[in-house]
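This report refers to the structure that appears directly beneath it.
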Amino acid sequence: MNNLSSSISTSTRPGGAASPRDRLLLSGGGRGGGRRRAAFVVCSVKPPSATSSAATLAAPGQGKTEAAGRIGGLSQVSGVLGSQWGDEGKGKLVDILAQHFDVVARCQGGANAGHTIYNAEGKKFALHLVPSGILNEDTLCVIGNGVVVHLPGLFEEIDGLEAEGVSCKGRILLSDRSHLLFDFHQEVDGLREAELADSFIGTTKRGIGPCYSSKVIRNGIRVGDLRHMDTFPEKLDLLLSDAASRFPGFKYDPDMLEEEVERYKRFAERLEPFIADTVHVMNESILQKKKVLVEGGQATMLDIDFGTYPFVTSSSPSAGGICTGLGIAPRILGDLIGVVKAYTSRVGSGPFPTELFGNEGDMLRSAGHEFGTTTGRPRRCGWLDIVALKYCCQINGFSSLNLTKLDVLSYLPEIHLGVAYTLPDGTPIKSFPGDLDLLEQLKESIVEYEVLPGWKCDISSIRNYSDLPKAAQQYVERVEELVGVPIHYIGVGPGRDALIFK
C-alpha cells in the first residue's frame, strides 16, 4: 500500500422570445457542495465572483482576457471529452462554455452519464440525458442519434428542470434515429450481471448495454418508430420475445405487451415536439456558422474499443464517437478538450493500477465527495495515472486539458503521480495495454511514482493561476510536461466560478 508520507519515487501497486429551436428552424436548420475539507490555512482570501459569463468569470485580480481569450478562441465545432474512467467533471466545463455556443450536443451513451452542474445561485442540477447547456437559456440542446434514450427518465429530467424554472420547451431536440431504451432493458441488465456472477462488469444497471445490443443485432426500436404506432406493437413484441428466450428470469406475456404499447402511445404524443432529424439540424447549424459544443459522456478509458475491455461502457466516448453519434464529418471537428481529475477515480469493476486502498483511499474519496451521480455508488480512488492519461491524449488528439478538483488534494503533504508501469520481471510497459491478461498482471506490477510536495492550504477561492501556491503550480506544470498537452482550465471547487483560466 502506498504511504502518503513516503518520499520514495517508486512503489508497488497502490419568456416570449423565440426559442433556440425556433430560431434555428426559422433560419433553415431543421460536483458536491457538501465536500468535506480537512483543516488547513487559506492561500487566498480573494472572494470568488458571483457571476458566470465568460467576461466576468474571473474573480477580482484575474485578467478577464484569459477567460474570454480561451473561450473565444475555441473552434466553431469543439468538444469536451472525459480522459479517465468518467466522473471527471465534464458537465461543469460544458455549462460554462455553453454560454458562448449556439448548440450543445450529446453524441453517445445514455442515462448512465451523470453530470452535476450548478447555476449562478449555486443550485445543484444532476443531469443524465439532457445536455449540460440547458441552464443557458439561449442554447439549443441536441440529443444525437448515438444516444440511447429511456423516455420515462428523460421526461422526469425535463419535469425536474421545469419545476426549478429552467425552460425546456423548444430547447431540446431528440434524434429520430436514437434508439429507445425500455424498462425491460434495465431488467435484463441486472439479469446479465447476476449471470456473470464473480465476473460482473459493474454496470449502472440502466439498461445501456442491452439497448446497444438490440441496436447492433438490428431488432432495436428507434425514436422515429413512435410515429408509426401501427407497426410499433409488432416490433416491440419481437424485442420482448427475444429477451424472454434469452433470459428465463424475464417474464413476458401478452398483457405486458398491451400495457407497454398503451404507455408508449402516450409517450409518443408528448415526445413529438422534441423529435427532429438532428443530422440535418447539426449540419445546417455548421453551415450557418453557428458554434457547436459536443458533450461527451463517460470517458475514453470506458470506450468499447479503447477502454479496459470488458469493463467498459457500450458506446464510443472518445473522439470518433462524435462523428458517428451526430452525423458530422471528421474534418469539421476542431478543438477537443480532455477533462481529467487531479487524481483518478472509477466506478465498477476493472483494472485500476494507481488505486489507493484502506484509509488512504477513504480519505481521498471523502475529500472529493466521490459518489456516483447516477448510482450513488462510492467511487474507487487513487493517484493520477499519467500512463492512462497519455494514452487518452494520443487517441483523442486533445488540444488542451481541463484539470479538475485540484482543491481536493489540498490536505495532502505530498502527492504522487503514476508515471510508468513495469512488469514484475522489470520489463517496462510502454503504453496502456489492451490485453486483459496483461492488465490483470498489473495487479502484481510495479507502478513508478514521482512524488511532488503538497501545498497544504485551501485554494478554492483562488481565480488567478499566479496566485496558486508554487507547489500547486509545480503539480500542474509537471502533468503538462509528462503528457505533452497544455492545461488551460483548472477547477478548484464545484461552483461555476471556481475555475482558473491558464
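Modelled this way, with points 7 Å down the Cα-to-C-beta line, the labels at Asp255 and Asp425 are 6.3 nm from one another. The label-point distance for Glu137 and Asp362, in a model that sets each label 7 Å from Cα toward Cβ, rounds to 4.8 nm.
Modelled spin-label separation between Thr324 and Ser75, with each label point placed 7 Å from Cα along the Cα-to-Cβ direction: 1.9 nm. Here region 354-475 has 52 percent of its accessible surface on carbon and sulfur atoms, given a 1.4 Å probe and all protein chains in place. In loop segments of region 209-294 as defined by DSSP, the trypsin sites (Lys or Arg not before Pro) with at most 14 further C-beta atoms inside 10 Å of their C-beta are Arg218, Lys251, Lys289. Calculated accessible area for region 179-318 comes out at 48 Å² per residue, all protein chains present (probe 1.4 Å; ligands, DNA, RNA ignored). The Cα atoms of region 91-159 cover 29, 23, 18 Å along the three principal axes, with the biggest extent listed first. Within the full protein context, the accessible area of Asp362 is estimated at about 80 Å² for a probe radius of 1.4 Å.
For the pair Asp305 and Arg246, the difference between a 0.36 nm per residue extended length and the Cα-Cα distance amounts to 18.7 nm. Run the reach check for Lys390 against lysines, Cα to Cα strictly under 27 Å, same-chain hits fewer than 8 apart removed. What comes back? Lys390 reaches Lys90, Lys92, Lys341, Lys405, Lys430, Lys443, Lys470, Lys502.
Surface composition of region 202-245: carbon plus sulfur atoms contribute 51% of the solvent-accessible area (1.4 Å probe, protein chains only, all chains present).
Region 67-96 and region 300-329 have their alpha-carbon centroids 17 Å apart.
Only Lys, Arg, Asp and Glu carry charge here, each on its Cβ (+1 for the first two, -1 for the last two); on that basis region 136-273 has a dipole of about 500 debye about its Cα centre.
Report the extension gain between Glu193 and Phe371 in nm, rounded to one decimal, defined as 0.36 nm multiplied by the number of residues separating them, less their alpha carbon distance.
62.0 nm
Which residues does the label zone of Glu164 cover in region 91-123, counting backbone N under 14 Å from a point 7 Å along Cα→Cβ? Under 14 Å, as judged by backbone N against the label point of Glu164, lie 91-92, 95-96, 114-123 of region 91-123.
The values are calculated or read from the model by the stated rules, or taken from the named source; none is laboratory data. Nothing here was measured: the structure is a model prediction, and the numbers come from that model. Ideal geometry is used to build each Cβ from the backbone, glycine not excepted, and the neighbour counts take in all protein chains shown. The protein model used for the area step is the full one, side chains on, heavy atoms only, and it has no ligands, DNA or RNA in it. Shrake-Rupley method; radii C 1.70, N 1.55, O 1.52, S 1.80 Å.
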